[in-house]
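First up is the structure itself, then whatever we jot down about it.
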Amino acid sequence: MIDTLLCNIIKNQIPTKKCAVLLSGGVDSLSVALAAHNVGKEVIAYSFHLEGNESYDFKTAQKFSEQMGWTFKPTIVPTDNLEEDWHTLVKMGCKKKTHFECVFPFLYVYPNITEEYILTGWGADGYFGVSKKAQMRYGSEKGNKRYKDFFKNTPHNIKTFDEARDIYFLPDNSAGLKWHNKVVELFDKKHITPYLHSTVKDYFYGFNWEQLNKPEQKHHIRNAFPELLNFGKIRKHTNLHLGAGVDKLFESLLNNSKVNYNNRKRMMDVSKDWYKKEFKI
């Protein structure tokens with residue numbers, strides 16, 4: 001079912017033969033690449049790693065692309081220009097720590113992309129409740145009892161699974177999509193996000209947390225594409241910036257007095273400082 005939905009969206013939204021795919025080692029981006037392949041698109045796979053650190057995601061994307069016969073174009077993201085990149089991200093309006101970290105690599109990936117249409121698996125995580133908090137709140141009885149009891153005793157904080165998903169897809173959330181799209185516009189590209197399409201939303205909102213995550217996380221997607229099953233082990237959810245080590249790289253800015261001018265202990269506070277300074281909040 002989900003494979004048909006993805007294929008139809010891609011056919012309707014990408015008129016060109018070639019399409020770029022931002023490929024990671026997770027099922028979300030791999031599935032949209034497979035859907036594009038299945039409708040006859042020539043997939044050009046782009047992936048990145050930080051200089052000197054070939055991540056699991058990068059290696060998986062490369063191996064999968066080779067297996068499928070796709071053109072694979074790597075980007076090595078430099079790590080010695082971080083202060084200047086930080087100010088670029090500030091000017092783009094990045095607000096949260098995750099916004100800075102999720103958008104940063106694509107400042108270097110997008111200049112390498114020659115195709116007009118860029119396909120991503122952006123948004124798929126929002127349907128499954130993959131965060132630790134979501135698993136504890138909506139998962140099985142094996143969840144953390146103390147955490148569950150806390151929410152049981154504070155009903156005003158309880159959100160239904162659908163309400164939590166609606167919050168995820170708000171413009172200022174959704175893993176920095178709003179800011180990612182500013183990079184897209186900067187390089188005059190078209191960003192295609194099949195997992196944000198209304199037909200896909202309607203499909204996944206028809207399942208509760210356990211139905212989506214058991215017997216295996218994202219099994220609806222995994223089972224829809226035989227290539228994913230045949231490839232072997234594909235990692236469970238890992239945030240893009242964490243898997244690539246971007247969070248660790250940005251921690252180094254805590255030692256940069258020009259960036260961390262308030263001598264903060266956490267990058268989340270540094271991010272807030274700059275957002276308030278830039279937009280005079």
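The values are calculated or read from the model by the stated rules, or taken from the named source; none is laboratory data. Everything numeric in this text was worked out from a predicted model, so none of it was measured. For neighbour counting, all protein chains shown are included, and Cβ atoms are generated from backbone atoms with ideal geometry for every residue, glycine included.
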Do we have L30 as under 22 Å from G243 (Cα atoms) and not β-branched (V, I, T) here? yes
Residue ID - surrounded by the fewest Cβ atoms within 10 Å (Cβ to Cβ), chosen from residues in the range 235-270 that are modelled with pLDDT of 95 or more, in a helix (DSSP H, G or I) and touching a Phe, Trp or Tyr at 6+ places or on another chain (Cβ under 7 Å): L253
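Within the range 60-93, take every residue that is among the aliphatic types (A, V, I, L, M) and part of a strand (DSSP E or B) and give me the one that is farthest from V43 (Cα to Cα).
The initial filter retains those residues of the range 60-93 that are among the aliphatic types (A, V, I, L, M), namely 61, 68, 76-77, 82, 89-90, 92.
Next, only the ones that are part of a strand (DSSP E or B) stay: 76-77.
Values: I76: 20, V77: 22 Å.
Looking at the filtered set, the residue picked out is V77.
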When every residue in the range 94-141 that is outside any helix (DSSP H, G or I), modelled with pLDDT of 85 or more and acidic (D, E) is compared, the one nearest to E51 (Cα to Cα) is E115
Hits in the range 166-175 (condition: at pLDDT 80 or above and acidic (D, E)): D166
Is it true that some residue in the range 211-218 is farther than 18 Å from L119 by Cβ, in contact with a strand residue (DSSP E or B) (Cβ under 7 Å, 6 or more places away or on another chain) and not basic (K, R)? no
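Among the listed residues Y203, Y275, Y195, which satisfies the condition of being under 19 Å from V21 (Cα atoms) and in a helix (DSSP H, G or I)?
On the way: Y203 fails: under 19 Å from V21 (Cα atoms); Y275 fails: under 19 Å from V21 (Cα atoms).
Only one candidate qualifies: Y195.
Quick one: is E163 in contact with a Ser or Thr (Cβ under 7 Å, 6 or more places away or on another chain), at pLDDT 80 or above, of a type outside the set (S, T, N, Q) and over 22 Å from K95 (Cβ atoms)? I'd like the intermediate steps shown before the answer.
On the way: in contact with a Ser or Thr (Cβ under 7 Å, 6 or more places away or on another chain): no; at pLDDT 80 or above: yes; of a type outside the set (S, T, N, Q): yes; over 22 Å from K95 (Cβ atoms): yes.
Against the criterion (in contact with a Ser or Thr (Cβ under 7 Å, 6 or more places away or on another chain), at pLDDT 80 or above, of a type outside the set (S, T, N, Q) and over 22 Å from K95 (Cβ atoms)), E163 does not qualify.
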